[in-house]
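Mind having a look at this structure? Questions to follow.
The values are calculated or read from the model by the stated rules, or taken from the named source; none is laboratory data. Predicted model only: the values in this text are computed from it and were never measured. Quick reminder, even Gly has a Cβ in these numbers, built from the backbone with ideal geometry, and neighbours come from all protein chains shown.
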Amino acid sequence: MAATDGRLNLATAWEAVADEVGNQRAHSAGGVPTSWYAFDDRAARLAEVLSAGGLGPGSKVALFLYNGSEYPEAQYATFKMRGVPANVNYRYTGDELAYILENSDAEAIFFDHTLVERVDAVRHRCPDLKVLIQVGGSPLAVPDWALSYEEALLADPMERIGRSGSDLWFLYTGGTTGMPKAVMWDHTNLLGSMEATFRSFRESIPTTPAEAAGIARRVANAGREMRQLCAAPLMHGTSGIPGLATLSHGGMLATLANRNFDADELWRTVAADRITMISMVGDAFGRPMVEALDRAVAESRKPDLSSLRLLLSSGVMFSAAIKEALLDHHPCTILDSLGSSEGTGMANQVTSGKARIAGQKETTGRFALGEHTKVFTADNREVEPGSAERGQVALGWPLPVGYFKDPKKTESAFPVISGRRWSIPGDWATVEADGTIILLGRGSACINTGGEKVFPEEVEEALKELATVTDCNVVGIADDRWGQAVAAVVELVSAGAADENTLKVELRRSIAGFKVPKRIVFVDKLQRSPNGKSDYRWAQEFVAVALAPTDLGN
């Protein structure tokens, strides 16, 4: 069915893909595959339940789910009836969950059965909720205020309808400060975010259902089907945005059965499902992946990785040492992408076997700017290459509509410069003479110590280069003398592997003295968010408690 405004909608594109390559796999959850025919049919049945429950174009549907087949199916169902999927962090409880449901104006929610008590505790605070669907658990244990997912799949399929490229997809981002906010992406710009992926197949972004179907067929006939393993949660953009692209190429999404990241299961799944791409988040996933392969090699049971072409990481810096260790095991391409919920493909760093043979070795923070990206100073001048001047990375296309219910933050994050609208999420960088950038970090986390600005990521990377350090977070804490003092929470490779003074001495060899943490506290296991990103709020609280009775001194 044609788009109502002449612009392609993802659901309309996926319906055409299902008609064209229906026997291929659309997803595989814990090794259980689902064909494109079944994927489309199941989503249509869920869409009918949502529609019959009173939802229509523009209705918001909350996805309070773990990775699994239900996540893409519920999302597709929402697209089918022209609703707006809204991701919900499965760690949220109480006020956090209620805030997302109220802020998004959610009229329906898909929730995992293990989260039923959390939903029950807040549903009375969300009067707009009309349809509540429980995933998993015993059918006899579904509360009377909800419908079981399997029961919903018994509905008749919803008929296909015309849709719009301006229909929305919400991506809630917690950020580093304030309450979570929904970034509104329309389908036209979501398709635009897939430009590089389509180009890698020598294809253009599809504008009609026929073009979408043709691309899926040509990719399949060439034996280049995309099979993405979502190591990071689908509820985050790190897996969620590439997942939309994979499906738009007629590919397959794979998820792990274990809800806690299991690197051994990941590599078994790569072999079993012939995975071509893994979406992950830097060292938090990369380090255990390396350790799992090291064990497998030592035990003569290394899995077949021959299908794996790409490791896609986004969201945090990915240290060079871990990349090199992964490439030692398998000669694929590692794409370290600089992006955020507010913009994708802003810059990237490519590490590959070919580059290693040629003797190329990138530093962790050096990135090549995307073709639609510039770096602007605080007064909106473009940073001159080689000037050593700091600026913020800005994306010119594709762009979200803005933040839902927050015009003030929308104006701030998406300013108009020289007559053009830009996305400026807050990543600071310098521009080298050759046009590449050195990424400094997110400005909202920058530490001002004695008038000097310190970006946590730079200090974290210096720490992670040390042989005794497994993981770390760097934060600023209040200090009478310096205003803020640099402090670090460090996880060592083993208890007692290093002490505070030793780490400080080693750090002074690679970074300026004012960047070296004045205090370092140790932790058995660093806490990170579900997608592997740094949890700076936790780190700040941990340091505050650990150092409460201590005078920082000099």
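Would it be correct to say that E460 is touching a Cys at 6+ places or on another chain (Cβ under 6 Å) and within 30 Å of L234 (Cβ to Cβ)?
Taking the combined requirement at face value, the residue satisfies it.
Now for a separate question. Anything in region 246-255 that is of a type in the set (A, V, I, L, M, F, W, C) and in contact with a Gly (Cβ under 8 Å, 6 or more places away or on another chain)? List them, or say none.
Correct list: L253 only.
Working carefully through the options T208, T197, find the one that is of a type in the set (V, I, T) and touching a Pro at 6+ places or on another chain (Cβ under 9 Å).
Of T208, T197, the one residue that is of a type in the set (V, I, T) and touching a Pro at 6+ places or on another chain (Cβ under 9 Å) is T197.
Next question, about the same structure. If I ask for residues that are without any contact (Cβ under 8 Å) to a residue 40 or more places away in the chain and over 19 Å from the mean Cα position of the chain (by Cα), which ones from region 422-452 would you list?
Within region 422-452, W428, C446, I447, N448, G451 qualify.
Within region 404-468, considering only strands (runs of 3 or more DSSP E) that don't extend past its boundaries, which have at least 1 residues that are among the acidic types (D, E), over 30 Å from D499 (Cβ atoms) and in contact with a helix residue (DSSP H, G or I) (Cβ under 8 Å, 6 or more places away or on another chain)?
In region 404-468, the matching strands (runs of 3 or more DSSP E) lie at 427-431.
Mind listing whichever residues of region 285-299 are charged (D, E, K, R), more than 14 Å from L327 (Cβ to Cβ) and assigned to a helix (DSSP H, G or I)?
R287, E291, R295
Of everything in region 248-262 that's touching an Asp or Glu at 6+ places or on another chain (Cβ under 6 Å) and either assigned to a loop (DSSP other than H, G, I, E, B) or in the same structural domain as V493 (by TED's automatic domain parsing) (or both), which residue is modelled with the lowest pLDDT?
Among them, the one singled out is N258.
Can you list residue pairs whose Cβ atoms sit under 7 Å apart, with the first residue in region 189-206 being of a type in the set (D, E) and the second being in a helix (DSSP H, G or I) and buried (at least 16 other Cβ atoms within 10 Å of the Cβ)? Count only pairs 6 or more apart in sequence or on different chains.
These pairs meet every condition: E203/I215.
Given (1) within 30 Å of R224 (Cβ to Cβ); (2) surrounded by fewer than 22 Cβ atoms within 10 Å (Cβ to Cβ); (3) not β-branched (V, I, T), where does E150 come up short, assuming only one miss?
Failed condition: (1).
What are the pairs, 6+ residues apart or on separate chains, where a residue within region 458-484 that is farther than 17 Å from G513 by Cβ and free of Cβ contacts under 8 Å to residues at least 24 places away in the same chain has its Cβ under 8 Å from a residue that is of a type outside the set (A, V, I, L, M) and assigned to a strand (DSSP E or B)?
A478/Q484
Yes/no per residue for (1) free of Cβ contacts under 8 Å to residues at least 40 places away in the same chain; (2) in contact with a Lys or Arg (Cβ under 7 Å, 6 or more places away or on another chain); (3) closer than 26 Å to G237 by Cβ; (4) assigned by TED's automatic domain parsing to the domain that holds W185:
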site: V17; (1), (2), (3), (4): no, no, yes, yes
site: E20; (1), (2), (3), (4): no, yes, no, yes
site: R25; (1), (2), (3), (4): no, no, yes, yes
site: A43; (1), (2), (3), (4): yes, yes, yes, yes
site: A47; (1), (2), (3), (4): no, yes, yes, yes
site: G53; (1), (2), (3), (4): no, yes, no, yes
site: S69; (1), (2), (3), (4): no, no, yes, yes
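For D294, indicate whether it is more than 21 Å from G243 (Cβ to Cβ), outside the structural domain of L247 (by TED's automatic domain parsing) and in contact with a strand residue (DSSP E or B) (Cβ under 9 Å, 6 or more places away or on another chain).
no
Quick check, is A29 among the small types (G, A, S), touching a strand residue (DSSP E or B) at 6+ places or on another chain (Cβ under 6 Å), surrounded by fewer than 23 Cβ atoms within 10 Å (Cβ to Cβ) and modelled with pLDDT of 95 or more?
In short, yes.
For region 520-527, does any single residue satisfy the condition of being touching a residue at least 40 places away in the same chain (Cβ under 8 Å), assigned by TED's automatic domain parsing to the domain that holds L463 and under 11 Å from N473 (Cβ atoms)? Give the derivation first.
So the first thing to find is which residues in region 520-527 are touching a residue at least 40 places away in the same chain (Cβ under 8 Å), and the list is 526.
Still in the list and also assigned by TED's automatic domain parsing to the domain that holds L463: 526.
From what is left, the residues that are under 11 Å from N473 (Cβ atoms) are 526.
Looking for residues that are touching a residue at least 40 places away in the same chain (Cβ under 8 Å), assigned by TED's automatic domain parsing to the domain that holds L463 and under 11 Å from N473 (Cβ atoms), one finds at least one in region 520-527, hence yes.
Suppose we keep only residues that are among the aliphatic types (A, V, I, L, M), at pLDDT 95 or above and closer than 20 Å to M235 by Cα within region 263-291. Which one would you say is surrounded by the fewest Cβ atoms within 10 Å (Cβ to Cβ)?
A263
Limited to region 190-218, what total is found for residues that are under 25 Å from the mean Cα position of the chain (by Cα), among the hydrophobic types (A, V, I, L, M, F, W, C) and under 24 Å from S69 (Cβ atoms)?
Qualifying residue count for the region: 5.
Just wondering, is there one or more residues in region 82-92 that are closer than 23 Å to S138 by Cα, touching a residue at least 12 places away in the same chain (Cβ under 8 Å) and in a helix (DSSP H, G or I)?
Checked region 82-92: no residue is closer than 23 Å to S138 by Cα, touching a residue at least 12 places away in the same chain (Cβ under 8 Å) and in a helix (DSSP H, G or I).
Looking at A546, A512, A478, A539 in this structure, which one is on the phi < 0 side of the Ramachandran plot, surrounded by 21 or more Cβ atoms within 10 Å (Cβ to Cβ) and modelled with pLDDT under 90?
Of the residues listed, the single one that is on the phi < 0 side of the Ramachandran plot, surrounded by 21 or more Cβ atoms within 10 Å (Cβ to Cβ) and modelled with pLDDT under 90 is A539.
Would you kindly identify the helices (runs of 4 or more DSSP H) lying entirely within region 160-229 that contain at least 1 residues that are surrounded by fewer than 16 Cβ atoms within 10 Å (Cβ to Cβ), modelled with pLDDT of 95 or more and basic (K, R)?
Correct list: 209-221.
Here's a follow-up. Can you tell me how many residues within region 114-132 are in a helix (DSSP H, G or I) and surrounded by fewer than 17 Cβ atoms within 10 Å (Cβ to Cβ)?
The total comes to 6.
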